[in-house]
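First up is the structure itself, then whatever we jot down about it.
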Amino acid sequence: MFHLKSTLVHAKTACVLVLMAMLTQVGTQANAVTVNRAANVETGASTNISAARPFVGDDPVAIRDTLADRHINAAPPSLRDRVQGLIHIPTHKQRPNPDLTAANLDRDLFFLVRVPYGIRYRTETHQLTVNADLSGDENQRGILLKKTTTGPSGRGLVVAPEAKSKGFVQHIDMIELESGESKKTTVRGRVMLSRAAYAEANGDFAIVLVGRLVPPYLIDRSDHRDPTDDEPTDITTRTSRLYVDIRAIWLVSPQRGIVLSKTLHLSK
């Protein structure tokens with residue numbers, strides 16, 4: 001009898017030990033699953049952050065070259081268009097140009113313009129003020145989209161007669177946007193922005209001009225300037241002007257792909 005009771009006690013003890021081992025193993029597996037899920041969540045968050053695409057916009061050089069290479073011109077204005085122009089009737093309906101459609105330019109275009117200056121943020125009111133001149137130069141008529149200068153300058157190095165012979169020849173390629181709004185080139189506006197959103201932008205701001213090409217679409221001009229004593233460089237400047245009906249102006253943080261405001265406007 002005593003032997004039977006002892007056997008039952010040992011059996012119960014063994015069952016308890018086995019059960020505790022099983023519970024411990026289940027708990028360990030559960031902890032492992034929790035850790036793996038947490039790791040997956042963190043990995044997913046990191047992937048989303050790294051996968052955030054910068055805002056690039058349309059390439060004005062590619063658009064200029066497409067218009068020039070394909071000789072895309074505006075159709076002659078109809079009698080109705082001329083009458084509406086004479087009596088100043090605004091119209092947003094434009095006859096479709098099949099050449100623009102074929103070149104995938106009969107759509108909204110997005111031009112990105114960097115603004116290193118003209119952005120001010122007041123932490124006490126959470127207000128960001130935009131007052132940015134996009135002309136780039138007081139002698140320019142329109143908004144400067146891109147400017148590329150190739151070749152060395154001879155200023156301070158040679159005199160005018162020696163400039164070209166010594167290789168001081170420059171080529172300047174400028175692309176401007178003509179909005180048709182009385183030569184307005186300054187973007188202004190106010191944006192309510194939290195400190196966290198401003199910190200996330202990290203000083204990285206740009207203006208996006210959203211619009212569509214309108215007649216005459218493109219005007220190209222080339223000017224040459226011989227070396228002078230003030231500027232002893234042989235300079236050839238190509239100025240391309242894109243004609244665009246601006247429909248919206250955004251403030252963005254391009255590297256982070258964040259749109260901060262869509263309510264900016266053009267001003268003189």
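Quick one: length gained pulling A197 to D245 fully straight, 0.36 nm per residue minus the C-alpha distance? Don't skip to the end; give the middle numbers.
Details: separation 48, 0.36 × 48 = 17.28 nm, distance 3.05 nm.
Residue separation times 0.36 nm, minus the Cα-Cα distance, leaves 14.2 nm.
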**OP:** Give the Rg (one decimal place) followed by the Dmax (whole number) of the range 93-206, computed from C-alpha coordinates and expressed in Å.
**Re:** 20.5, 59
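Evaluate the Kirkwood expression for the hydrodynamic radius of the range 201-268, namely the inverse of the mean inverse distance over all pairs of different C-alpha atoms, and round to one decimal in Å.
Numbers: mean 1/r = 0.0654 Å⁻¹.
So the Kirkwood estimate lands at 15.3 Å.
Count the net charge of all other residues whose Cβ sits under 15 Å from the Cβ of V158, scoring Lys and Arg as +1 and Asp and Glu as -1. Display every interim value, and only then the final one.
Working: positive: R155, K164, K166; negative: E162, D226, D229, D230, E231, D234.
Net local charge, V158 excluded: -3.
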Original post:
Between rounded, prolate and oblate, where does the range 55-267 land on the alpha carbon gyration tensor, with a ≥ b ≥ c its root eigenvalues, rounded for a/c under 1.5, else prolate if a/b exceeds b/c?
Top reply: oblate
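Where a number appears in this text, it was derived from the coordinates with a stated rule and is not lab data. Owing to the predicted nature of the structure, the values given are computational and were not obtained by experimental measurement. Because the Cβ atoms are built from the backbone with ideal geometry, glycine has one as well, and the counts that use them run over all protein chains shown.
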